[in-house]
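Chemist: Take a look at this one; I'll ask things after.
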Amino acid sequence: MDGANIGVGEKLRFAGAALRHDSALKHATGEARFLDDLPEPSGTLHAALVLSPVAHGRLRALNVPDNMPGVVRVIAPADIPGLNDIAPIAKGEPMLADGLVEHMGQPLAIVVARTRDEALRCAQAARPEIEELPPVLTVEEGLARQEWIIAPQVIADGDAEAALAAAAHRLTGEFFAGGQEHFYLEGHIALAEPGEDGEMRVHSSTQHPTEGQHIVARALGVPYHKVTVSCRRMGGAFGGKESNASWVAAAAAVAARLTGRPVKLRLSRKADMAASGKRHPFLYRYRVGFDASGKLLALDALLAADGGHSVDMSGGVVFRALTHALNCYAVPDVTLTACAVKTNHVSNTAFRGFGGPQGALLMEDVLARVAAHLGADLGEVRARNLAERTPYGQALEPALLRRCWAEARRDSAWEERRLAAAAFNAAHPTMRRGVGEFLCAFGISFGIPHLNQAGALVHVYTDGTVRLAHGGTEMGQGLFIKVAQVVAEVFSIPVEQVGITATTTAEVPNTSATAASTGSDLNGWAAHAAASAIRERMARVAAERFGCEPDEVVFEDGAVFPARPGANERLTFGELAKLCWTRAVSLSATGFYRVPDLSWDAKAGRGSPFFYFSYGAAVAEVALDTLTGEHRVLSAHLVQDCGRSLNPAIDLGQIEGAFVQGMGWLTSEELWWDGAGRLRTLGPSTYKIPGSRDVPPVFRTRLLEGAPNRAATIFRSKAVGEPPLLLATAVANALRDAAGCATLDFPATPERMLAASKNQQGSLAPGVTIGYTHH
Ligand code: MTE
Ligand code: HPA
Ligand code: MOS
């Protein structure tokens, strides 16, 4: 398949259409079936987890009352038939704590009972005897102990030390960004059904059926071909079901194997929040050197993540933080160091952006500090430092970024808005308005090059309908409709003629997670390859019938005809399918795709690890009450580069959703651990995700037009799943502006904003006394 020019210039009929999500109506009416809605096989048992109440200690005994009604079995680590290891990449990450307890919420045992309530009651009655050890609870402590989850990795260019020494101006900085709970509406869940000869069939709410298959097989001690993992859809995932779904599936499968019955494991919200990984918090420390014009000359920065107690995917997250630490800016002499420290927190994991949002926060602090120090306009400092290439040598497209930026400023009436905010602030003693912006270059591809592959399986039936299977999973992001549109385009048939199916390891093997925003890039091309193979065969049959060459056969809007002028013979797509069958021509094909030309030299810290970058820009305005620290987003104007969008309606939804999720991370979602390392924000009452009223009342999103991807992606589209989450950083910058402070810790909760604006009280609100003393 030579994909190089497909989609350039050519008119598209089905791909590119703003179709609604294939399940949109079913989502709204409740007819869409999520895993817990599936009919339970007869004899299904229910599992619950016994979780550690302490952050660190030695498990001496686990006392489970033996008279609890309905309880069928209690499963301890020694009962696991295969390996007690759910590590997705590294080794030695236990499914059930075996002796050593390393975080609050760590699973200690599985209770299996007739009903879910009975299982939960027994799990709650279990009394672990744990000899407590002192927990490590902060990144600082982790750094001091040098206990690495991911040892420090460096990307460097030039000589930062010498350039710092030579710079006319120098600043040091330090700040912190907290983690984030995924808060998918559907929590973790799996249903495992034991079959014949050691087989296990698992329905799993997972972004990564193949990894689920591997970890279930590992826990059961069976080869991969005994295990099938399927997922029709998730009720949200956001990275939380990239690796963590696998241990939930494995726990259900172990219980099913040991009881010989189907077992469902659905975590309660509280257990889900305690036992599953979250976004990595990061601590940042830097030294920056610059000149009087605001041009950055030197930067030495450390980005230290809280990895939690085990590796999980922290390596990839650290890599993405490191490769996004300069975002779209350039520093000629730079040393960037990133690592993940070990703590007694739950092992942190993928979360939309995968370290990219954390990486990109660095330069926002740097630029704001530099501008404040020089009394310069922050926008000018941004403009002065835009990059042509990354510090690891990959070319960027600053012209695309500048377009996004100019359009976001224009859409938001940037200058007028700033003047209006200044006028407002001059007239109000306590309320502050702030305007902020953010520019983004987000690299698309899995950081591990070989993961950038996908497969598909397409059948055409003799009535001309199509069954589409591929390795991607649906989590609400609209992947299934996008890939169906690609297949509809190849055959030129209405998308309703393309049947969308659950993802299963039985149909498409050895897949990557649906992650890194690559779902439609990878599976779109794989499905295109499969459908094109069938179309070529069909064209040969049609050519024979029409007496023309196969490349003269036109597929158009459900019909097939010869291109020859005056020819009036036509077949419907279904008639041609039937004809192929009578000619004994196969109407089924697999397709495969791998991203070309990715490179990464880990030793040198050089290469082109991303197929391309997605660009975006945002402007946001906030109102801040300096008496309470409360704040609201008044407006947001976003421009996002989606290349030649496969589905602008879906992309718009992705951009809006990602932005609001990013707002939550930066402003209100605070994971709060007590001094003993117990997470105290285990539900929506204490953990505040954005609600409908937090959506900016003025919220304008535009896709950058006329910007087909220069990389040969499917129909020149671009990934959209994660990049716009970073655009919410504009809100953080608007808050800095409102509070008159360059440095902020995140989330910028009312508490933090109160402290930040109090620190500025003298200059911000003269004459107002609110009982605060300056330090
Ligand atoms: N959108 C919805 N509605 N639900 C989700 O769980 N996950 C995000 C994003 N958009 C998510 C979502 C994440 S983390 C990723 S990596 C991408 O979707 C994955 O899907 P894609 O590669 O098909 O864009
Ligand atoms: N994103 C998500 N998951 C991943 C990545 C990534 O960049 N790399 C490896 N796994
Ligand atoms: Mo998304 S964090 O890559 O699942």
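The values are calculated or read from the model by the stated rules, or taken from the named source; none is laboratory data. Here the structure is a predicted model, which is why all the values come from computation and not from measurement. Here the Cβ positions follow ideal geometry from the backbone for every residue, glycine too, while neighbour counts run over all protein chains shown. Note: areas computed on protein heavy atoms with side chains; ligands, DNA, RNA excluded. Shrake-Rupley method; radii C 1.70, N 1.55, O 1.52, S 1.80 Å.
Chemist: Could you sort 721-731, 92-102 so that the peptide with the highest average Cβ count within 10 Å comes first and the rest follow in order?
Modeler: Order by mean packing, descending: 721-731, 92-102.
Chemist: Output needed for the chain: three equivalent-ellipsoid semi-axes, defined as square roots of 5 times the C-alpha gyration tensor eigenvalues, in descending order, whole Å.
Modeler: The three semi-axes for the chain are 43, 37, 23 Å.
Chemist: So, in Å, what gap is there between the alpha-carbon centers of the stretch 63-87 and the stretch 578-628?
Modeler: The stretch 63-87 and the stretch 578-628 have Cα centres spaced 41 Å from each other.
Chemist: For the stretch 460-473, take each phi angle, set θ = phi - 60°, evaluate the Karplus expression 6.51 cos²θ - 1.76 cosθ + 1.60, and give the result in whole Hz per residue in order, putting x for glycine and proline.
Modeler: Karplus values, whole Hz, x for Gly and Pro: 10, 8, 6, 9, x, 8, 10, 10, 10, 10, 8, x, x, 10.
Chemist: Specify whether the C-alpha gyration tensor of the stretch 535-596 places it in the rounded, prolate or oblate class, a ≥ b ≥ c being the square roots of the eigenvalues: rounded for a/c under 1.5, otherwise prolate if a/b is larger than b/c and oblate if not.
Modeler: prolate
Chemist: Please list the helices of the chain that count as membrane-span-like by this rule: a mean Kyte-Doolittle hydropathy of at least -0.5 together with Cα atoms stretching 18 Å or more along the helix axis, each helix being a complete DSSP H run.
Modeler: 244-259, 356-374, 414-427, 479-491, 519-546, 648-667
Chemist: Return the Rg/Rh ratio of the stretch 119-196 with Cα-based radii and a Kirkwood Rh.
Modeler: Expressed as Rg/Rh, it is 1.19.
Chemist: For Lys688, what residues show an amide H to amide H distance below 5 Å, using hydrogens built from the backbone and excluding near sequence neighbours?
Modeler: The list, which skips near neighbours in sequence, is Glu670.
Chemist: Sorting check: for 30-40, 177-187, which peptide has the highest mean count of neighbouring beta carbons within 10 Å, and how do the rest follow?
Modeler: With the highest mean Cβ count within 10 Å placed first, the list reads 177-187, 30-40.
Chemist: Regarding the stretch 622-735, what are the three Cα extents along the principal axes, ordered largest first, in Å?
Modeler: Cα extents, longest axis first: 52, 32, 22 Å.
Chemist: So how far, in whole Å, is the C-alpha centre of the stretch 480-555 from the one of the stretch 702-726?
Modeler: With the stretch 480-555 and the stretch 702-726 each reduced to a Cα centre, they are spaced 21 Å.
Chemist: OK, next. Can you give me the relative contact order of the stretch 116-233 as a percent, contacts being Cα pairs under 8 Å and 6 or more apart?
Modeler: Once divided by the residue count of the stretch 116-233, the mean separation gives 15 percent.
Chemist: Roughly what would the spin-label model give for Glu10 and Asn759, points 7 Å off Cα along C-beta, in nm?
Modeler: It is 5.6 nm.
Chemist: Contact order normalised by length for the stretch 359-466, with contacts defined as Cα pairs under 8 Å and 6 or more residues apart; what percent is it?
Modeler: 14
Chemist: Could I ask something else about it? Filter the cross-link list Lys278/Lys342; Lys226/Lys278; Lys26/Lys241; Lys295/Lys758; Lys26/Lys482 down to pairs whose alpha-carbon distance in this structure exceeds 20 Å.
Modeler: As for pairs spanning more than 20 Å Cα to Cα, those are Lys226/Lys278; Lys26/Lys241; Lys295/Lys758.
Chemist: Given 10 °C and 1.306 mPa s, how large is the Stokes-Einstein diffusion coefficient of the stretch 535-677 in µm²/s, with Rh as the Kirkwood radius over Cα pairs?
Modeler: 73
Chemist: Just to be sure I understand the model, the point goes 7 Å from the Cα along the line to the Cβ. What's the resulting Trp672 to Thr743 distance in nm?
Modeler: 2.4
Chemist: Also, I was wondering about something else. Which order do the peptides 59-72, 234-247, 15-28 come out in when sorted by mean C-beta neighbours inside 10 angstrom, highest first?
Modeler: Highest to lowest by the protection proxy: 234-247, 15-28, 59-72.
Chemist: Same structure, new question: Quick check: from the Cα gyration tensor, does the stretch 479-615 come out rounded (a/c under 1.5), prolate or oblate?
Modeler: prolate
Chemist: Whole number in Å², please: accessible area per residue of the stretch 1-136, 1.4 Å probe, ligands, DNA and RNA not counted.
Modeler: That works out to 51 Å² per residue.
Chemist: Return the carbon/sulfur percentage of the accessible area of the chain, one whole number, probe 1.4 Å, all protein chains in place.
Modeler: In the chain, the share of accessible area belonging to carbon and sulfur is 52 percent.
Chemist: Something else about it: Taking only protein heavy atoms and a 1.4 Å probe, what accessible area per residue, in Å², does the stretch 147-246 have with all protein chains in place?
Modeler: Using a 1.4 Å probe on heavy atoms only, each residue of the stretch 147-246 averages 35 Å².
Chemist: Tell me, what is the percent relative contact order of the chain, built from C-alpha pairs under 8 Å that lie six or more residues apart?
Modeler: Contact order relative to length: 16 percent.
Chemist: Just to confirm, what accessible area per residue do you get for the stretch 563-666 at 1.4 Å probe, in whole Å²?
Modeler: Spelled out: the 1.4 Å probe surface of the stretch 563-666, per residue, equals 40 Å².
Chemist: Would you pull out the residues with amide H under 5 Å of Ala711's amide H, same chain only if 5 or more places away, H placed 1.01 Å from N?
Modeler: Amide H neighbours of Ala711: none.
Chemist: Further, regarding this structure: Tell me which residues come under 5 Å, amide H to amide H, from Val227 once H is placed; ignore anything under 5 positions away on its chain.
Modeler: Met200
Chemist: Note down the nm distance, to one decimal, between modelled labels 7 Å out along Cα→Cβ at Leu386 and at Ala506.
Modeler: 5.3
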